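Each remark here refers to the structure printed beneath this line.
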Ligand SMILES: NC(=O)c1ccc[n+]([C@@H]2O[C@H](COP(=O)([O-])OP(=O)(O)OC[C@H]3O[C@@H](n4cnc5c(N)ncnc54)[C@H](O)[C@@H]3O)[C@@H](O)[C@H]2O)c1
């Protein structure tokens with residue numbers, strides 16, 4: 001038996017692979033195109049241990065996806081491969097529609113062909129875990145939280161493409177009986193996150209003594225969950241989740257962006273007192289076009305039905321994340337040299 005993970009060389013995908021390798025005996029097969037955001041270094045220790053095979057492939061290659069699913073015969077497919085950065089979706093939306101919508105269609109079709117041929121316990125056990133985001137619900141005001149029944153109202157090209165993918169995933173369950181489970185999760189943080197995203201960007205800019213650009217007035221609110229807690233939620237969905245159902249996953253840790261940046265500055269002050277106070281590096285910059293104000297998750301359903309709750313509190317997890325980036329320049333420095341050096345993205349609206 002194997003687990004098939006698309007996007008397994010990305011941030012959450014690699015966290016999931018490490019978690020699956022620790023918690024289960026199954027072989028892991030990763031399908032990843034290794035775009036700018038995919039990093040083989042994030043999973044090479046698992047490859048070296050013989051726990052994981054990486055197949056470099058594009059999920060939009062439908063015939064190849066069908067062959068890979070048939071040959072790996074997975075117990076579950078965890079579908080995470082996607083274009084994921086809102087700012088990049090503002091500058092170039094077409095790649096988001098291609099990978100996130102057409103790529104998801106190819107994965108669903110490959111899974112359907114495989115599932116149709118299964119029989120008995122193998123058929124009953126198979127799951128397609130479609131990994132989505134809370135951003136598909138749009139923006140909240142100061143009150144309330146997203147739950148599974150919240151209507152979709154995506155507002156960025158990224159979230160619109162993820163919403164399209166979610167509708168396909170649910171349609172494949174409804175129409176073809178594919179055992180799809182959808183996860184809508186809040187912002188993730190933790191080790192091995194590509195340094196274009198808020199938390200690693202701020203950590204690396206602090207280390208370099210560069211200004212810390214905060215969009216707008218920094219008042220936008222996100223709920224934060226450690227990627228390993230997300231991985232545990234995904235495995236629980238695969239094992240005990242109900243096909244056709246959606247689970248909202250969140251960390252119960254709402255913070256404004258400026259709170260996040262100031263907390264990172266305080267953590268850096270303790271670790272690099274010579275350059276304190278890092279807060280002096282904060283600079284408010286022009287807001288992201290269409291910036292959603294607030295996201296929050298009511299994770300009551302997954303807590304009640306699957307017994308899931310985040311294991312890490314946010315302050316501990318954030319301190320560990322800062323320490324991980326300080327300890328692993330060999331992971332991020334090549335990305336800065338070759339792929340992304342921290343420049344502003346998403347201004348072309
Ligand atoms: N990061 C978050 O806070 C967050 C929160 C909720 C949900 N999600 C979802 O979780 C999933 C993973 O997010 P992430 O933050 O790890 O993303 P990421 O950008 O770090 O990784 C994406 C991975 O997908 C791969 N990929 C991209 N296009 C591909 C293609 N056409 N074929 C094959 N592989 C391709 C990349 O190479 C990369 O390894 C995404 O579906 C995202 O929408 C992310």
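Just a few scattered comments:
- Among the candidates 267, 235, residue that is closer than 21 Å to residue 214 by Cβ, in contact (Cβ under 8 Å) with a residue 12 or more places away in the chain and touching a helix residue (DSSP H, G or I) at 6+ places or on another chain (Cβ under 7 Å): 267
Yes/no matrix, rows are residues, columns are (1) over 20 Å from residue 234 (Cβ atoms); (2) outside any loop (DSSP other than H, G, I, E, B); (3) near the ligand (Cβ under 10 Å from one of its atoms):
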{"site": "47", "(1), (2), (3)": "yes, yes, no"}
{"site": "53", "(1), (2), (3)": "no, yes, no"}
{"site": "60", "(1), (2), (3)": "yes, no, yes"}
{"site": "71", "(1), (2), (3)": "yes, yes, no"}
{"site": "75", "(1), (2), (3)": "no, yes, no"}
{"site": "81", "(1), (2), (3)": "no, no, yes"}
{"site": "95", "(1), (2), (3)": "yes, yes, yes"}
{"site": "101", "(1), (2), (3)": "yes, yes, no"}
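- Contacts under 6 angstrom Cβ, first residue in region 138-165 being on the phi > 0 side of the Ramachandran plot, partner surrounded by 15 or more Cβ atoms within 10 Å (Cβ to Cβ), 6 or more apart: 138/155
- One residue alone among 262, 283, 228 is in a helix (DSSP H, G or I), in contact (Cβ under 8 Å) with a residue 12 or more places away in the chain and either farther than 30 Å from residue 90 by Cα or over 18 Å from the mean Cα position of the chain (by Cα) (or both), and that residue is 262.
- The criterion of at least 3 residues that are within 22 Å of residue 257 (Cβ to Cβ) is met, among strands (runs of 3 or more DSSP E) falling completely within region 103-207, by 187-189.
- Flag if residue 235 is more than 16 Å from the ligand (Cβ to nearest atom), part of a helix (DSSP H, G or I) and either over 18 Å from residue 319 (Cβ atoms) or at pLDDT 95 or above (or both): no
- Boolean, residue 317 is touching a residue at least 60 places away in the same chain (Cβ under 8 Å), in a helix (DSSP H, G or I) and crowded, with 18+ Cβ neighbours inside 10 Å: yes
The values are calculated or read from the model by the stated rules, or taken from the named source; none is laboratory data. This one's a predicted model, so the numbers in the text were calculated from it and none came from an experiment. Cβ sites come from the backbone with ideal geometry, for glycine too, and all protein chains shown count toward neighbours.
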